[in-house]
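Worksheet for the structure shown next.
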Amino acid sequence: MRPTRTTVLLTTGLVTLLGIPAAAADTPSTLYVNNSASAPRCSDTGPGSEDAPFCTISAGAKAARPGQTVQVLAYTSYDETVTVDRSGEPGKPISIVMRPNTGGPVRVKGLKVQGASHVVVRGLTTTGGVQVSGSTDIELDRITAASQTDAVVIGAESVDVRLTRSNLLSPVRIEGGSRGTVLGRNQIRGGTTAAVDAVWGPGTIVTNNTLYLSCDAAVSFRSGSTGSGAFNNLIYTSAPKSCVNPDPRSGILVGQDSATGTRADHNLLAGFPADGVVPYKWADVVHATPAALRAATGQGAHDILTANTWDVGPWDRSPNVDSGDSAAPGVLPTDYNGYPVVDDPLAPNTGKDGGFIDRGAHELQDTVRDVQLEIAQNWAPVGTTVQAKAVADNNWPGTLTYRYDFGDGTAPVVTREATADHVYQSPCACTVSVKAITAAGNEAYRQQPIKVTPASPLATAFTAQPYLPSASDPNQLVTPLAIEVDPRSSTMPWPIVRMDVDYGDGAKEVSDPIITTRHAYKQPGTYKVRVTLQDAKGATSTAERTVQVAYTPAGYVAVHPSRVLDTRMTSSPVQGGTATPIDVPVHYYSSGPHHTAGASAAVLNVTVTGATEDTHLSVWPSGQPRPVTSNVNVKAGGTSSNTVTVPIGADGKISAQLNSGKAALIVDFVGYYQPNAGQRFTPLAPTRALDTRTAGGALGGGQARTVKVAGVNGIPADATAVALNLTGTGSTENAHVIAYPEADKRPATSNLNLEPGKDKSNQAIVPVGPNGTITVYTNTGSTHLVLDAVGYYAKDGKALFTPVVPQRLADTRSTGKLAPGATTIVSGIPANAIGAALNVTATDTTGPGFLTVYGHGATRPEASSLNTRPGETVPNHVTTPAADGRVTVWNSYGGANHVITDLFGYFTQG
């Protein structure tokens, strides 16, 4: 294929296509027209500046002087027919153009150029006709004639008029002795007359247009239009069915009186043969083929006739591609869209002298649909040669220009090669980008990050932090005691190909490449975490850290109570020596209950009934060793319940096990603690909220009573839950009591199991219902109820809860009984705790009474924490204030007791 030939311009006036000469220094180079509502106030009597533009194009045209440009805001309609009757000077035209970078179109009713010279009009759309009369050196470029009835007329002896790169829905007529008219790179549709009709238009040149055959002809030179020419045109034969012309239509028609000096060559006529259509009618003689025309006239030697129209156009393998005459009169340097003449590497260069200009208005361009970017070393130390490779999806391989930017401030690399090399001089997290650009300026873009590292040895470093639920996504699945190991602070000159993590508890993880890992431990403790990295060059490095794994302070989330286990329904009682797993369904999904999302501890009401012998139940986190603590003590054949606050295991479960014998187990879920979620707790000295012995009378079976708990007794109105010590006394039957938030939504759960003749207590955490109330209910018999508030949960509460693996703090069986009226101090709670969640058990009691637990150093409240009974072991969940890491236990005057105190968690501020 031959290199691009220099385009030959028909006249020196065509230089205006390449740029408009500037105005003289003493006149403004540009006038402005802008009638949009968002523009500065316009005026046709103003200066036409950008700040005070003209309202109409006609005003700008009348004010313009040689060398000035009138810029018109696009996307705007102007209700006028623009008339240009002022003249520029040679090399200093008056130019009326669409304002750059504002899109289009500029709509007007019509365009007239009358008695003017040296004028350029570009970018206007007219809904009426276009008329040029008595004018010289006129350029009409990128004009859209939207009317199908109003022709574009060049007449009245106009000279050197150029109509280029325009879309014309009506025919063009050259008449009245107009000379030297050039039509180039237009799309033109004819009507009842020829698409291009020169009638007394000598020297008319029609080059590189796409023409649609009308009812008459595509191109016609008649009535003295001598010395004219038609070159490189693409002519389609399709014509309206409404044509009534009885004579055959012609692709190219040259009248007898216009044949002198008229030439035609390198045209492509698509759709021949066709009924009622002839390719040529020259000097009144019809020629059916280019060969016949050439034999008779010497013209059309390189014309092409094709039978089809659908496979002819600006696309690969079309016969019009690379087959024209690049030196034909009137050839322009750019096509209808402003794209350059380019060589299609897939098509042979069959144009004149091996040239490759296309026939018709459009020049086929390469199309780049996408480009991928490959970087051989996207992670490498300073000084390494990095190669970027572009893989483009385009029609013509090898014809693109690539612009690489390596993102470090160095000059972009512009090349025809698909690869580019670069050496970085300093470390960076850079972005490499490439643009694949066609000759027409179409482009595809892609970028990719690259890591340029210091030229230093591999050195492993990592952080190990608790991995906690997010406040913005509280339902995210996060296992308690989880950590996140992040090795990204390591010095890594080359990519990491292997990372080994030893979490210190027997668990290990191998990954490729380097990642942030997460691991959940089964129990708190101190662990050594070791991370080993291996890079692409074979170097290895190891680092080790000691990690303290512990539960994180958490807020409380109250839920509507629900039953999660009742072995009476499954005929599978719990047995001594065998742990029973219990799912804790904090969150529900479409697939059913899942474990606790981000919860670290659950609050449960646990009931043991039908025990085959005197025994006790322990509850602890799944996956951990069974502790020595206990939660529920029950006599053979009896029923006993207790509130339990317990951490959740790594598998989302808890474990429960009887010390001996068998019994049915009932577990009700009432709430949970979760980091970065829920409400804070404020402990209170026990404050009485209800005592039916002094107000309201006993609660009868099947009856409910609503109790105000928030907005009274120091509990704020916005409290979401209250911690209550619930005591039943004087019960007439075996019964149970339920405490719940909404009176009309009683759950199938229980909080306290009653027996006649026995005072029984249990602590409950109850969500607050409407108007700051809760409701209490008993199923049968009658009973007196005493409710003592020991704390509340609210947004502005004081403290968060940190669960602990259940642990025993004190046991008087090794030091002696607590005498009536005596106190014992229990220590072992963290010193910064302001409250604690305990399980307190009284055993080997010599007389009925009660125990009161309160913060060390505080005044003892007039309330009980659990009721003691001779011959029975009685536990109760106790939430109490604490001070200096201690609480005080006081025994009433009823009898001596052994007191066992177990810790399940504590509350701290911060």
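Below are the figures for this structure:
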quantity	calculated
Number of the exception - ALA390 against (1) in a strand (DSSP E or B); (2) modelled with pLDDT under 95	(2)
One residue from ASP343, ASP358, ASP325 being within 23 Å of PHE231 (Cβ to Cβ), touching a helix residue (DSSP H, G or I) at 6+ places or on another chain (Cβ under 7 Å) and surrounded by 15 or more Cβ atoms within 10 Å (Cβ to Cβ)	ASP325
Boolean, ALA664 is among the aliphatic types (A, V, I, L, M), touching a Gly at 6+ places or on another chain (Cβ under 6 Å), outside the structural domain of VAL889 (by TED's automatic domain parsing) and in contact (Cβ under 8 Å) with a residue 60 or more places away in the chain	yes
Any hit, the range 159-176, residues being outside any loop (DSSP other than H, G, I, E, B) and either farther than 20 Å from VAL121 by Cβ or of a type in the set (Gly, Ala, Ser) (or both)	no
Criterion (surrounded by fewer than 22 Cβ atoms within 10 Å (Cβ to Cβ), in contact (Cβ under 8 Å) with a residue 24 or more places away in the chain and over 18 Å from SER147 (Cα atoms)) met by exactly one of GLY110, GLY128, GLY88, GLY115	GLY115
Members of the range 263-309 that are free of Cβ contacts under 8 Å to residues at least 24 places away in the same chain and touching an Asp or Glu at 6+ places or on another chain (Cβ under 6 Å)	PRO290
Among the residues listed as ASN349, ASN337, the single one being under 43 Å from the mean Cα position of the chain (by Cα) and not in a strand (DSSP E or B)	ASN337
Qualifying residue in the range 274-291 (condition: at positive phi, assigned to a loop (DSSP other than H, G, I, E, B) and among the aliphatic types (A, V, I, L, M))	yes
Subset of the range 174-226 [hydroxyl-bearing (Ser, Thr, Tyr), farther than 16 Å from LEU268 by Cβ, surrounded by fewer than 22 Cβ atoms within 10 Å (Cβ to Cβ) and modelled with pLDDT under 95]	THR192, THR193, SER223
Any hit, the range 110-130, residues being of a type in the set (D, E, K, R), touching a strand residue (DSSP E or B) at 6+ places or on another chain (Cβ under 8 Å) and assigned to a strand (DSSP E or B)	yes
Within the range 682-740, tally of residues that are of a type in the set (Gly, Ala, Ser) and farther than 25 Å from ALA882 by Cα	13
Condition check for ARG107: at pLDDT below 95, basic (Lys, Arg) and within 30 Å of GLY176 (Cα to Cα)	yes
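Results for (1) surrounded by fewer than 21 Cβ atoms within 10 Å (Cβ to Cβ); (2) in the same structural domain as THR873 (by TED's automatic domain parsing); (3) within 49 Å of the chain's Cα centre (by Cα); (4) aromatic (Phe, Trp, Tyr), shown as yes or no for each residue.
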{"site": "VAL768", "(1), (2), (3), (4)": "no, no, yes, no"}
{"site": "VAL776", "(1), (2), (3), (4)": "no, no, no, no"}
{"site": "HIS784", "(1), (2), (3), (4)": "yes, no, no, no"}
{"site": "ALA789", "(1), (2), (3), (4)": "no, no, yes, no"}
{"site": "LEU809", "(1), (2), (3), (4)": "yes, yes, no, no"}
{"site": "THR815", "(1), (2), (3), (4)": "yes, yes, no, no"}
{"site": "GLY835", "(1), (2), (3), (4)": "no, yes, yes, no"}
{"site": "ASP844", "(1), (2), (3), (4)": "yes, yes, no, no"}
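The values are calculated or read from the model by the stated rules, or taken from the named source; none is laboratory data. Treat the numbers as computed from the prediction; the structure is a model and nothing was measured. No Cβ is skipped: glycine too gets one built from the backbone with ideal geometry, and neighbour counts run over all protein chains shown.
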